[in-house]
Each structure stands twice: as C-alpha cells, then as structure tokens.
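Since every read-out is calculated from the coordinates, none of them should be taken as a lab result. This is a predicted model, so every value here is computed, not measured. FYI the Cβ positions are ideal-geometry reconstructions off the backbone, even for glycines, and counts take in every protein chain you see.
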Amino acid sequence: MPSRGLAANVCGEQVRLALLEARPAGLTARQLVAATGLNLYQVRKGILYIREVSAMANLTPLIWTYAGGYAFASSPDDWIAYERSRLRTELTRIGRFLSATVAPHAALTPEEEWIKLVLGQLNVVQAALNLVNKAGV
C-alpha cells in the first residue's frame, strides 16, 4: 500500500521551525526544501497549513516577497506592505473577473437570480477593497 505522506501539521511545523531559524531573513520554497528535508509538495502543504492555522495560533504573521521568499517578519511595516500588496492583487483579480465573466453574463441574462446575487456581492467586495486600498495610500 502506498504511503499517504506527512500530515499537514507535521509539514507546517517543520516549515515554521525553518522560518523561525532563518528569521528575520526569509526562505524561498527551494531553500525550505533544503532546510527541512521535505519535498516541494510537502513544503507547499506546510506553507498552506501555516496560512490556515499556525500563523494565527503562534501569532507569527507570514509574508512573502520576491526578494526574500517566505518569512515571519517582525516589523509591522513589513506586514502592512505585504497586506497592501495582496489587497491590490485581489482587487485586480476581482475587477477582471467582473469585467470578463460576470458583467457579460449579467448583460445576457439580467433577470437571472444567480447573476444578481453574484454581481451584488462582488460589487460590495470590490468597493470594500477599494476603500481599504485608498486608505493605505
């Protein structure tokens, strides 16, 4: 019978410890593979576990930058810069989703209940993200 691999919490803890040891510097995914002995899939599984569970449980905000990779940054300025970057990314993604898929769907079937719900909710999300993005300028 094939092995099911390591549990997400095990991968997450190994990645978390490697990032704590590297602190304040960050590690790329490839560097995490070398530091933990996990394979790339397990490192990504560990990062996902940190994002979903461990970061909040240990109060260690996880950020990612092109230059440094994944890191537990200790500076609120780093957290805010990462949060602003992610908000801009998500705002762009939602805007493109609205213009490329939802708006044409709404134009073709404007009375459909589903599209009314989706359009209403996504417009609210987009407006909220716009407000947060403008507040950060």
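Calculate the translational D of the range 44-135 in whole µm² s⁻¹ from Stokes-Einstein, where the hydrodynamic radius comes from the Kirkwood formula applied to all Cα pairs, the temperature is 10 °C and the viscosity 1.306 mPa s.
102 µm²/s
To the nearest Å, what is the center-to-center distance of the range 1-48 and the range 64-121, using C-alpha atoms only?
27 Å
Just in the range 1-83: which trypsin sites (Lys or Arg not before Pro) are loop by DSSP and have at most 11 other Cβ atoms within 10 Å?
Listed in order of number, the matching sites are Arg4.
What three numbers, in Å, describe the spread of the alpha carbons of the range 84-126 along their principal axes, ordered from the longest?
Here the spans come out as 36, 17, 9 Å, largest first.
Do any GluC sites (Glu not before Pro) in the range 84-137 lie in a DSSP loop with no more than 15 other beta carbon atoms within 10 Å, and if so, which?
Loop-located and lightly packed - Glu111, Glu112.
Grab the DSSP H runs of the chain that are 4 residues or longer, score each as -39,500 (n - 2.57), total them, divide by all residues and round the 222 nm result to the nearest 500 deg cm²/dmol.
Taken over the chain, the calculation gives -20000 deg cm²/dmol.
Using just the C-alpha positions of the range 40-86 as equal point scatterers, what log10 of I(q)/I(0) does the Debye formula give at each q in 0.13, 0.28 1/Å?
So the normalised log intensities are -0.29, -1.14.
List the equivalent ellipsoid semi-axes of the range 6-95 in whole Å, largest first, each obtained as the square root of 5λ for an eigenvalue λ of the Cα gyration tensor.
Largest first, the range 6-95 gives 22, 15, 13 Å.
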